[in-house]
Amino acid sequence: MEIIMAFVIGLLFTAAVYLMLSRSLLRIIIGTGLLSHGAHLLILTMGGLDGKAPPVLTDGVTDFADPLPQALILTAIVISFGVTAFFLVLAYRSYQELDTDDISAMKGGSEDDE
Amino acid sequence: MKTNDMIIQFTAKIVFFIIFFFAIHIFLAGHYTPGGGFVGGLLASSAIVLLVLAFDIKTVRTVIPVNYTTLIGIGLLLALATAAFPMFKGDPFFTHYFDYFTLPLIGKTSLHTAMLFDTGVFLVVVGVTMTIIQTIGEDE
Amino acid sequence: MNNFLLLPIIIPFFFGMILLFGQKSLRFQRGGAMIGLIISFACAVALLFKVKNDGVQTVTFGGWPEPFGITMVSDMVSALLVTTTLLLAIFIVWYGFNSIGTAREHFYYYPAIMMILTGVNGAFTTGDIFNLFVFFEVLLMASYVLIVLGGTKKQLAGSIKYILINVISSALFVISVAYLYSVVGTLNMADIALKIAEVNQPGIITTIAVLFLLVFGLKAAIFPLYFWLPTSYAAAPPPVLALFGALLTKVGVYAIMRTYTLFFIHDLSYTHELLLWLSVLTIIAGCIGALAYFDIKQIIIYNIVIAVGVILFGVAQMNEDGLTGAMFYLIHDMIIKAALFMLIGIIVYKTGTTDLRKMGGLMRSSPVLGWFYLIAAFGLAGIPPLSGFVGKLLIAKGGFEAGNLGTSIFILASSLLVLLSVIRIFIYAFWGEEQPTKPILSKKQTTQLFIPTAIVIIISIAYGVGAEWLTPFMNDAGKTLADPSIYIDAVFKGE
């Protein structure tokens, strides 16, 4: 199971890096989304994938799964949701303002507005 | 351009309530089972987004006259108040209290202060999502 | 258990929420922000003395037993940093009253400031590695808002790079925490330190140490990860720039300081040697940048990079002198960077340009500004008895003790380059022929800007002259950093 996860995470990171290296802002944002998905899966894998019983609710279970990774992942998902949403708004605004979503065309920026 | 969106408008009016009540259900279910403020909030805002899609932002604003940034503020204050309340009792920050109550109609229910915190989360999520949708959707 | 240490985090948060309402009333916004800051500052000072008298303060959320709940720990290091943060925030907000522009003030400027302070103070105080990530995100989210606020083209272009780099570094942070968790099975920083001591730092821990250096180095702008800093910071308006320059990179420096004195202390010859050489390279890169530019914002921004290098050099020595010096220098740098960014902000508002070659003769029109700038510049370079001196002296002393002769001398010599880079601003902007200017703000407004700036510079002078009085605090901080058992014992015997 860990091997499969390792490949999935690796694939996500590869795709994320590929997308983030492109020039279109939208692709970059999708890339950051994939990157955080990969990171979340990594937490899941690092917490152990041994399929034990759920940690609370049932009495008499001695072999618990670790409850912490899911809490971490949930927190990280919420945060990446917020950041991605903000990033999308920003990308849209700058597309309106700068008339391009090509990140290399935004280079420098003019000095006159301040 | 004038499009005929009769069907979606009619459906949205009904489906909005289905999604919204499902959101409330998910929110309350979070007490013991998967669910909670975040998911519930997302669902609730998706219901509002459906209305926005079917009609337009102006109409929706007259129907639901809520300032979403205020909603964020209220939600965060509620969450902070729940977390900070134990400080006045001399317990550590974020201590939660719970007990069983017998309520009319429902019967024996467990009430938990985490629920109030989650209400705050619910409001914040709806507020943030709708603010973002409005910011992008406002200028055509 | 002591909830008091949470107040410097909760109060800015509370006021930030209150200020979300009533965006229309300028008086409410400004007054609310000021009152909030002053109350939190008072709490922070009280906390500082409490930590001095009673030792490290801890609280674990929800009353959970120690390694399981989220612990907040206020030792001397974090208490000092929190106090400095809030002190500077008061003056930067005051400075902003006359310069940030009412459009921004009506658009969530003050809530964002309050949120950034919540995040910074939280990051300084937390004793849980994942919670550190959460507070990092809080301060980053607020900083994204602040950096794009106003939405000029330059800001949009600069902020996209800033956000992208931080999103990537956040993902790396999560990854590093995941690796660390898989090895030690805990997130509580004191518990991590214990568990790492048990496993005795095999190769995997060293790898994780380097990963953490990568993550925090990206935030702290160390070599070779500082490339994003100049373009994105230059996009921000002066008050925001002062806030970022004084606080944000310092959070990354603090995180490196904390992890490298608490967790990764069993393979010094690799991790701290790496840190040492990276800090030297950081200083070199910063000096090159600071000397190469004719843009005053860029010169001071590159000086942030230099200071980060100096502080981390102190951390890399891993002895009490070096660490005390690093603390001294860290606080000095927060104050002096705030002062310098406020000063060059005034220069930009007066001349309407950031290009040194288009300035000149300011000495004639505003002599007081010139002399205060000179004092700040000398303070930055560490000329005794000004504020940078003691820290740098202790760092060099720590370096000699640790046997790093050559590099310590290099650190001292780098002061000369720092001095040269800031004196260039003095020579170009204040001496020479008067140049035609197109002021952005009126004379009256820039005078109002000058009052908070002057106070910050006076604080920095007091910090240098009164170093004797501060030494007990700094020694405490250095001791806590040099001896992790103080921190660990405080967390586990906090009750």
Assess whether C:Leu117 counts as being surrounded by 22 or more Cβ atoms within 10 Å (Cβ to Cβ), out of contact with any Asp or Glu (no Cβ under 6 Å at 6 or more places or on another chain) and within 13 Å of chain A (Cβ to nearest Cβ).
-> no
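Tell me, yes or no, whether segment C:76-92 has at least one residue that is in contact with a Phe, Trp or Tyr (Cβ under 9 Å, 6 or more places away or on another chain) and within 21 Å of B:Leu77 (Cβ to Cβ). Break it down into steps so the answer makes sense when it comes.
Step one: list which residues in segment C:76-92 are in contact with a Phe, Trp or Tyr (Cβ under 9 Å, 6 or more places away or on another chain), which gives C:76-83, C:85-87, C:89-90, C:92.
Remaining after also requiring within 21 Å of B:Leu77 (Cβ to Cβ): none.
Checking segment C:76-92: not a single residue is in contact with a Phe, Trp or Tyr (Cβ under 9 Å, 6 or more places away or on another chain) and within 21 Å of B:Leu77 (Cβ to Cβ).
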How about segment C:343-394: which of its residues are surrounded by 19 or more Cβ atoms within 10 Å (Cβ to Cβ) and over 24 Å from C:Glu433 (Cα atoms)?
-> C:Gly379, C:Leu380, C:Ala381, C:Gly382, C:Leu386, C:Ser387, C:Gly388, C:Phe389, C:Val390, C:Gly391, C:Lys392, C:Leu394
So, in segment C:78-104, of the ones that are of a type outside the set (A, V, I, L, M, F, W, C) and not in a helix (DSSP H, G or I), which residue ends up nearest to the chain's Cα centre (by Cα)?
-> C:Ser99
Do we find that C:Leu139 is modelled with pLDDT of 90 or more, more than 8 Å from chain A (Cβ to nearest Cβ) and touching a strand residue (DSSP E or B) at 6+ places or on another chain (Cβ under 8 Å) in this structure?
-> no
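Condition test on C:Thr437, is it hydroxyl-bearing (Ser, Thr, Tyr), modelled with pLDDT under 90 and open to solvent by less than 30 Å² (accessible area, probe 1.4 Å)? Break it down stepwise before answering.
On the way: hydroxyl-bearing (Ser, Thr, Tyr): yes; modelled with pLDDT under 90: yes; open to solvent by less than 30 Å² (accessible area, probe 1.4 Å): no.
Answer is no for this residue.
This table checks each residue for (1) over 21 Å from the mean Cα position of the chain (by Cα); (2) among the acidic types (Asp, Glu); (3) surrounded by fewer than 21 Cβ atoms within 10 Å (Cβ to Cβ).
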site: C:Phe13; (1), (2), (3): no, no, no
site: C:Arg27; (1), (2), (3): yes, no, yes
site: C:Ile38; (1), (2), (3): no, no, yes
site: C:Gly63; (1), (2), (3): yes, no, yes
site: C:Ile70; (1), (2), (3): yes, no, yes
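Any residue at all in segment C:82-100 that is within 14 Å of chain A (Cβ to nearest Cβ) and more than 16 Å from C:Phe13 (Cα to Cα)?
Just the residues of segment C:82-100 that are within 14 Å of chain A (Cβ to nearest Cβ), to begin with: C:99-100.
This time we only want the ones that are more than 16 Å from C:Phe13 (Cα to Cα), so: C:99-100.
Yes, segment C:82-100 contains a residue that is within 14 Å of chain A (Cβ to nearest Cβ) and more than 16 Å from C:Phe13 (Cα to Cα).
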Which listed residue, of C:Ser408, C:Ser485, is among the small types (Gly, Ala, Ser), more than 22 Å from the chain's Cα centre (by Cα), assigned to a helix (DSSP H, G or I) and surrounded by fewer than 16 Cβ atoms within 10 Å (Cβ to Cβ) | C:Ser485
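Residues checked against (1) touching a Ser or Thr at 6+ places or on another chain (Cβ under 6 Å); (2) surrounded by fewer than 19 Cβ atoms within 10 Å (Cβ to Cβ); (3) charged (D, E, K, R); (4) modelled with pLDDT under 95:
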| residue | (1), (2), (3), (4) |
| --- | --- |
| A:Ile3 | no, yes, no, yes |
| A:Leu11 | no, yes, no, no |
| A:Thr14 | no, yes, no, no |
| A:Leu21 | no, yes, no, yes |
| A:Leu25 | no, no, no, yes |
| A:Ile29 | no, no, no, yes |
| A:His37 | no, no, no, yes |
| A:Leu42 | no, no, no, yes |
| A:Gly47 | no, no, no, yes |
From the set of residues in segment C:211-221 that are open to solvent by less than 10 Å² (accessible area, probe 1.4 Å), among the hydrophobic types (A, V, I, L, M, F, W, C) and in a helix (DSSP H, G or I), which is nearest to the other protein chains (Cβ to nearest Cβ)?
-> C:Val215
Filter result (in contact with a Phe, Trp or Tyr (Cβ under 6 Å, 6 or more places away or on another chain) and within 14 Å of chain A (Cβ to nearest Cβ)) within segment C:237-249 = C:Pro239, C:Leu241
Failed criterion for B:Leu28 (all others in (1) over 28 Å from B:Tyr100 (Cβ atoms); (2) open to solvent by 40 Å² or more (accessible area, probe 1.4 Å) hold) = (1)
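Does segment C:126-144 contain at least one residue that is among the acidic types (Asp, Glu) and either surrounded by 22 or more Cβ atoms within 10 Å (Cβ to Cβ) or within 30 Å of C:Leu5 (Cβ to Cβ) (or both)? I'd like the intermediate steps shown before the answer.
Looking only at segment C:126-144, we keep the residues that are among the acidic types (Asp, Glu), and these are C:128, C:137.
From what's left, either surrounded by 22 or more Cβ atoms within 10 Å (Cβ to Cβ) or within 30 Å of C:Leu5 (Cβ to Cβ) (or both): C:128, C:137.
Looking through segment C:126-144, at least one residue is among the acidic types (Asp, Glu) and either surrounded by 22 or more Cβ atoms within 10 Å (Cβ to Cβ) or within 30 Å of C:Leu5 (Cβ to Cβ) (or both).
Give the residue, chosen from C:Ile256, C:Ile284, C:Ile296, that is open to solvent by 10 Å² or more (accessible area, probe 1.4 Å) and more than 18 Å from C:Gly388 (Cα to Cα). Can you show your working first?
Values: C:Ile256 fails: open to solvent by 10 Å² or more (accessible area, probe 1.4 Å); C:Ile296 fails: open to solvent by 10 Å² or more (accessible area, probe 1.4 Å).
After applying the criteria, what remains is C:Ile284.
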Can you tell me which residues in segment C:458-495 are of a type in the set (Gly, Ala, Ser) and under 30 Å from C:Phe372 (Cβ atoms)?
-> C:Ser460, C:Ala462, C:Gly464, C:Gly466, C:Ala467, C:Ala477
Selection count where residues are more than 17 Å from A:Thr84 (Cβ to Cβ), within 12 Å of chain C (Cβ to nearest Cβ) and small (Gly, Ala, Ser), scope segment A:23-52 | 2
Could you look through segment C:151-182, keep only residues that are more than 9 Å from chain A (Cβ to nearest Cβ) and farther than 20 Å from C:Ile70 by Cβ, and pick out the one that is surrounded by the fewest Cβ atoms within 10 Å (Cβ to Cβ)?
-> C:Ile165
In this structure, is C:Ile9 in contact (Cβ under 8 Å) with a residue 60 or more places away in the chain, hydrophobic (A, V, I, L, M, F, W, C) and at the interface with chain B (Cβ under 10 Å from one of its Cβ atoms)?
-> yes
Could you list, in sequence order, the residues of segment B:66-82 that are open to solvent by less than 40 Å² (accessible area, probe 1.4 Å) and more than 8 Å from chain C (Cβ to nearest Cβ)?
-> B:Tyr68, B:Leu71, B:Gly75, B:Ala79, B:Thr82
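Per-residue answers, yes or no, for (1) crowded, with 16+ Cβ neighbours inside 10 Å; (2) more than 7 Å from chain C (Cβ to nearest Cβ); (3) at pLDDT 85 or above:
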residue: A:Thr62; (1), (2), (3): no, yes, no
residue: A:Leu72; (1), (2), (3): yes, no, yes
residue: A:Ile77; (1), (2), (3): no, yes, yes
residue: A:Ser80; (1), (2), (3): yes, yes, yes
residue: A:Phe87; (1), (2), (3): yes, no, yes
residue: A:Leu98; (1), (2), (3): yes, no, no
residue: A:Asp101; (1), (2), (3): yes, yes, no
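Test B:Phe117 against the stated conditions and say whether it is touching a Leu at 6+ places or on another chain (Cβ under 8 Å), part of a helix (DSSP H, G or I), more than 10 Å from every other protein chain (Cβ to nearest Cβ) and buried (at least 18 other Cβ atoms within 10 Å of the Cβ). Explain how you work it out, then say what you get.
Details: touching a Leu at 6+ places or on another chain (Cβ under 8 Å): yes; part of a helix (DSSP H, G or I): yes; more than 10 Å from every other protein chain (Cβ to nearest Cβ): yes; buried (at least 18 other Cβ atoms within 10 Å of the Cβ): yes.
Yes: the conditions hold for B:Phe117.
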Starting from residues that are open to solvent by 60 Å² or more (accessible area, probe 1.4 Å) and free of Cβ contacts under 8 Å to residues at least 12 places away in the same chain, keep the ones in segment B:38-65 and report whichever is farthest from the other protein chains (Cβ to nearest Cβ).
-> B:Thr62
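Among the residues of segment C:58-77, count how many are part of a helix (DSSP H, G or I) and more than 10 Å from every other protein chain (Cβ to nearest Cβ).
Our first condition is that a residue be part of a helix (DSSP H, G or I); within segment C:58-77, this holds for C:61-63, C:76-77.
Still in the list and also more than 10 Å from every other protein chain (Cβ to nearest Cβ): C:76-77.
Total meeting the criteria: 2.
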What tally of residues in segment C:222-236 results from selecting those that are assigned to a loop (DSSP other than H, G, I, E, B) and either away from chain A (no Cβ under 12 Å) or open to solvent by 10 Å² or more (accessible area, probe 1.4 Å) (or both)?
-> 6
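Counting just the residues of segment B:85-103 that are aromatic (Phe, Trp, Tyr) and surrounded by 16 or more Cβ atoms within 10 Å (Cβ to Cβ), which one comes out farthest from the other protein chains (Cβ to nearest Cβ)?
Going through segment B:85-103, the residues aromatic (Phe, Trp, Tyr) turn out to be B:85, B:88, B:93-94, B:97-98, B:100-101.
From what is left, the residues that are surrounded by 16 or more Cβ atoms within 10 Å (Cβ to Cβ) are B:85, B:93-94.
Details: B:Phe85: 11, B:Phe93: 5, B:Phe94: 4 Å.
This residue is B:Phe85.
The values are calculated or read from the model by the stated rules, or taken from the named source; none is laboratory data. Being a predicted model, the structure only gives us computed values, none of them experimental. In this analysis, Cβ positions are derived from the backbone assuming ideal geometry, glycine residues included, and neighbour counts consider all displayed protein chains. We work out accessible area using only protein heavy atoms, side chains counted, and drop any ligands, DNA or RNA first. Shrake-Rupley method; radii C 1.70, N 1.55, O 1.52, S 1.80 Å.
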